[in-house]
Amino acid sequence: MKKIFVLLFVFSLLMSGCGGDDDFVKAPQSPCGDGVCDKVEKARGICPEDCGGELIEMGSESEELVIEYEEIAENEYYVTNQTSGSKLYVNLVPAKGVSGPAPTIIMSPGGTGDSSAYTNNVPGVTSTAEKFANAGFNAVVYAPEGRGKSEGQENMNGFIGQDGLYYVTEFIDTLPEVGDIGYFTQSYGVVLASGVLARYPDGPAMFLIDWEGPVNRYDVTVGCKSDEMDITKQESPAGHSCDDEEYWEEREAEVFGPEIEVPYHRVQSLEDHVQPDASNAIDMIMATTNTKYGGNGKSPYTRLNDFEPNTIFSLEIEDELTEIDIEKYDMIIGYAEYLFEEYGTTDSEQVEEQIVEEDEDYIREPGTVYFGFMVHLEGWKTEMDEEIKFNAHMDEARELADIFEANGAKVTFEASPETIEACGNFENVLLELYERGHGIGVHADAGNSSNPNYNLKLFTVEIMKMKEDLEALGIPVQHVSGTCSELDWAKASIDAGYVFTTGGVGYCAMSMPEDMRPEVYSDCPYPGACHGNMPLDMEDRINPWRISTAVGDWTIDDPNGKLVNLASDGGIKNLYEETLDPSQTHGDMEYEDEDINVLVDKIEEAIALSDKNKVNIIYFSLSIGAKDVDTDFYQSMFDALQPYVDAGQLEYKSMNEMYNEYIQWVN
């Protein structure tokens, strides 16, 4: 049981000494003892000299704070709010796939919501709490004072409601399965969490992620439309008069912001769920951002979406905001992962020891590696109008298919929009290749445009049309390549109807926050400049994984992800050149025997890293031009690979077959 000090402050009703909203936001807190009871002194009870109250120190002889609680079912509790005496309902949804204490997110609902805001299940839809649990977090939901299964009277997120969250947090911190704790709030729930962080700065919570919270009375009421002064008569947080200073001093996140001493991350869509603009986000970032970065606060780290950390903004930032309602939870999970990693207090050595102990019980045995070959049918921008060029292009595709079939292997052909259109205009060669057993997909070469109005929606529509055009040729389409972008290419692919993606290169890292990108891909000016492997290490590429969003660290498997990533190991004609100069990952090189030697080395590395209990893959790529198939080279390649095939270490698959193997393994 943790030993803490509880401060009980009896507030004076004298209001004349407290400054107004604008003075507080723009100026630092007035010092204690100056005779001015400013809002922070009053809210936190830290200066009885100015505010006329009595400060009583509890637990001066190391008295323990005794948390009163009752376990009512497995992972369900009643925790007593010792300020009001009310029992508050608390439910912990355990982290999945985690051994030992797990990072824990305590979720405060918006408006006058309760715990069901995060746990109500719609058939076929994963609840918010389950999303976080699937990502490896304990998800804690609770019903604030007077709501849902909790006792008490509705407090509209004032001090009594904030104290309730404080006692819930202290209780959760005592559970053995709980590691570091962070807050996540929706809408008006930001007042509860920000109030706790400001008034109880030594509490367990180590960060706050806030989705579109209203920060002052004008936001909460959406323009001060009520004259009601009696809290028991108002129907919602918005239904109170803005003239009631005593009421609002307990309920404005902007008041608490400058006293928050932990990281604060704001999540904001272009179209706020209530407010007419993004000024609430701008104000809260200003309030929390450390003074050394130009803000009014003490936070060591603030951030708005994926913009530069510790930055204050004007309303001009709205030009760069996007709609994120669909992917917001995936974004928030990524932000939480980062904050726990960067600011968590878990003993890393202890964690490593636990992992080692667990790994000692599992002996990895090498398994079969699936070998594939991805071919981009691209570069012939006029072939849909010139049949002779189209025929020459397709002759090369057929020749490559012939040599692969002769060796029991398959190609995965990924067609550009021009090739797809040409097959509709002249001869449906793609359908022929599909019926011969080869994989077929889309090579979009999309996601980057000189159009200043190009956005995620246009990106999605663009690659969706490519899928529909290819399907019109009678071919079922599962995957897309050539979508690396600063935009959320994973979301675009999912929304366009694709289930897996291939050929990702270093430029795909540009969708990540800059501090998450590998150094070599930290500032890519265009896709061709960062065309190397991503992830960088083969051990991180050999097994497919799932992605929900490309915003955040998309190299980590997301159990809820709807897009499977099959990572590439480079261009077949660049393998040797890349060993001489790591930047030589793009461009039309010559076929060389040395390329085969490097390929074999990579195959042996993949076999050494393989795991018989997982799906292991490796594949290489080629962009076919007018005359780009050297049958002697490919026969020599197959001759070099045959011993590994004979030994059962290597098996030829198309990308589609690799995807299907992975889905069977997952299920």
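From the helices alone, meaning DSSP H stretches of at least four residues, give me the mean residue ellipticity at 222 nm for the chain, per-run term -39500 (n - 2.57), in deg cm²/dmol to the nearest 500. Can you show the working numbers first?
On the way: 22 runs with 212 residues, N = 667.
Dividing the helical sum by the residues of the chain leaves -9000 deg cm²/dmol.
Just going by the charge dipole of the chain, with Lys and Arg at +1 and Asp and Glu at -1 on Cβ, which of Thr80, Val141, Ile596 is farthest out on the positive end?
Thr80
Rounded to the nearest 10 degrees, what's the angle between the helix 348-360 long axis and the longest principal axis of the chain, both from Cα atoms, 0 to 90?
Result, in degrees: 40.
Tally Lys and Arg at +1 and Asp and Glu at -1 over the other residues with C-beta under 11 Å from the C-beta of Phe307: what net charge comes out? Intermediate results must be reported in sequence, preceding the final value.
Numbers: positive: Arg266, Arg303; negative: Asp306, Glu308, Glu320, Glu514.
Net of charged neighbours comes to -2.
Placing unit charges on C-beta atoms (Lys and Arg positive, Asp and Glu negative, everything else neutral), compute the dipole magnitude of the chain about its Cα centre in debye, rounded to 20. Can you show the working numbers first?
On the way: 41 positive and 129 negative charges, 273 e Å.
Its charge dipole is roughly 1300 debye.
Give me the extension gain from Arg398 to Glu592: residue separation times 0.36 nm, minus the current Cα-Cα distance, reported in nm with one decimal.
Numbers: separation 194, 0.36 × 194 = 69.84 nm, distance 2.19 nm.
Separation in residues times 0.36 nm, less the Cα-Cα distance, equals 67.6 nm.
To the nearest 10 degrees, how steeply does helix 456-471 sit against the main Cα axis of the chain, on a 0 to 90 scale?
30 degrees
Quick check: residue separation of Thr126 and Lys96 times 0.36 nm, minus the Cα distance between them. What number comes out in nm? Could the numbers behind the result be given before it?
On the way: separation 30, 0.36 × 30 = 10.80 nm, distance 1.39 nm.
Using 0.36 nm per residue and subtracting the Cα-Cα distance, I get 9.4 nm.
Would you work out if the range 523-646 is rounded, prolate or oblate? Take a ≥ b ≥ c from the square roots of the eigenvalues of the alpha-carbon gyration tensor; rounded if a/c is under 1.5, else prolate when a/b is larger than b/c, oblate otherwise.
Details: a/c = 2.09, a/b = 1.29, b/c = 1.61.
Cα axes put the range 523-646 in the oblate bin.
Quick check on the chain: of the DSSP beta bridges with both residues there, what percent are antiparallel, nearest 5%?
About 30 percent, rounded to the nearest 5.
Give the separation of the Cα centroids, the range 604-667 to the range 463-505, in Å.
Each part's Cα centre sits 22 Å from the other's.
Can you tally the net charge around Gly570? Count Lys and Arg as +1, Asp and Glu as -1, for every other residue whose Cβ sits under 9 Å from the Cβ of Gly570.
On the way: positive: Lys602; negative: Asp569, Glu578.
That sum, taken over residues with Cβ under 9 Å, equals -1.
Out of (1) 37; (2) 25; (3) 10, which label holds the value of percent of Cα pairs over 50 Å apart that was computed here?
Looking at percent of Cα pairs over 50 Å apart for this model, the match is (2).
Output the pairs from Lys131/Lys653; Lys410/Lys465; Lys602/Lys653 with a Cα-Cα distance over 23 Å in this structure; if there are none, say none.
On the way: Lys131/Lys653 33 Å; Lys410/Lys465 27 Å; Lys602/Lys653 17 Å.
As for pairs spanning more than 23 Å Cα to Cα, those are Lys131/Lys653; Lys410/Lys465.
Using the heavy atoms of the protein chains alone and a 1.4 angstrom probe, what is the accessible area of the chain per residue in square angstrom?
Dividing the accessible area of the chain by its residue count gives 43 Å².
Quick check: the angle from helix 631-646's long axis to the longest principal axis of the chain, C-alpha only, nearest 10 degrees?
The angle comes out at about 70 degrees.
What is the local net charge at Met510, summed over the other residues whose Cβ is closer than 12 Å to its Cβ (Lys, Arg +1; Asp, Glu -1)?
Numbers: positive: Arg517; negative: Asp306, Glu486, Asp488, Glu514, Asp523.
Combined, the nearby Lys, Arg, Asp and Glu give -4.
Let me know the shape class of the range 612-657, please: from the alpha-carbon gyration tensor, a ≥ b ≥ c as square roots of the eigenvalues, rounded when a/c is under 1.5, otherwise prolate if a/b is greater than b/c, or oblate. Could the numbers behind the result be given before it?
Values: a/c = 3.72, a/b = 1.51, b/c = 2.47.
It is oblate, given that a/c is not under 1.5 and a/b is not larger than b/c.
For the range 558-667, which GluC sites (Glu not before Pro) are both in a DSSP coil and crowded by at most 15 other Cβ atoms within 10 Å? Working shown, then result.
Numbers: sites: Glu577, Glu578, Glu590, Glu592, Glu594, Glu604, Glu605, Glu651, Glu657, Glu661; in loops: Glu590, Glu592.
For GluC sites (Glu not before Pro) across the range 558-667 that sit outside H, G, I, E and B with at most 15 neighbouring Cβ atoms in 10 Å, the list reads Glu590, Glu592.
Could you tell me the center-to-center distance, by alpha carbons, between the range 78-129 and the range 189-238 in angstrom?
19 Å
Assign one of three labels to the range 156-307, namely rounded, prolate or oblate, based on the Cα gyration tensor with a ≥ b ≥ c the square roots of its eigenvalues; rounded applies when a/c is under 1.5, prolate when it is not and a/b is larger than b/c, and oblate otherwise. Don't skip to the end; give the middle numbers.
Details: a/c = 1.80, a/b = 1.23, b/c = 1.47.
Oblate, since a/c reaches 1.5 and b/c is not below a/b.
Which aspartates and glutamates does Lys292 reach when only Cα atoms under 14 Å apart count, and residues fewer than 8 places away in its own chain are ignored?
Glu261
Under a cut-off of 19 Å between alpha-carbon atoms, report the aspartates and glutamates in cross-link reach of Lys87, not counting same-chain residues fewer than 8 places apart.
The reachable aspartates and glutamates, counting only those whose Cα sits under 19 Å from Lys87, are Glu68, Glu70, Glu71, Glu74, Glu76, Asp114, Glu145, Glu151, Glu154, Asp163, Glu170, Asp173.
The values are calculated or read from the model by the stated rules, or taken from the named source; none is laboratory data. Just so it is clear, the structure is predicted and the values come from calculations on it, not from any experiment. Cβ: placed from backbone, ideal geometry, glycine included. Neighbour counts: every protein chain shown. Each accessible area value is taken on the protein alone, full model and side chains, heavy atoms only, with ligands, DNA and RNA left out. Shrake-Rupley method; radii C 1.70, N 1.55, O 1.52, S 1.80 Å.
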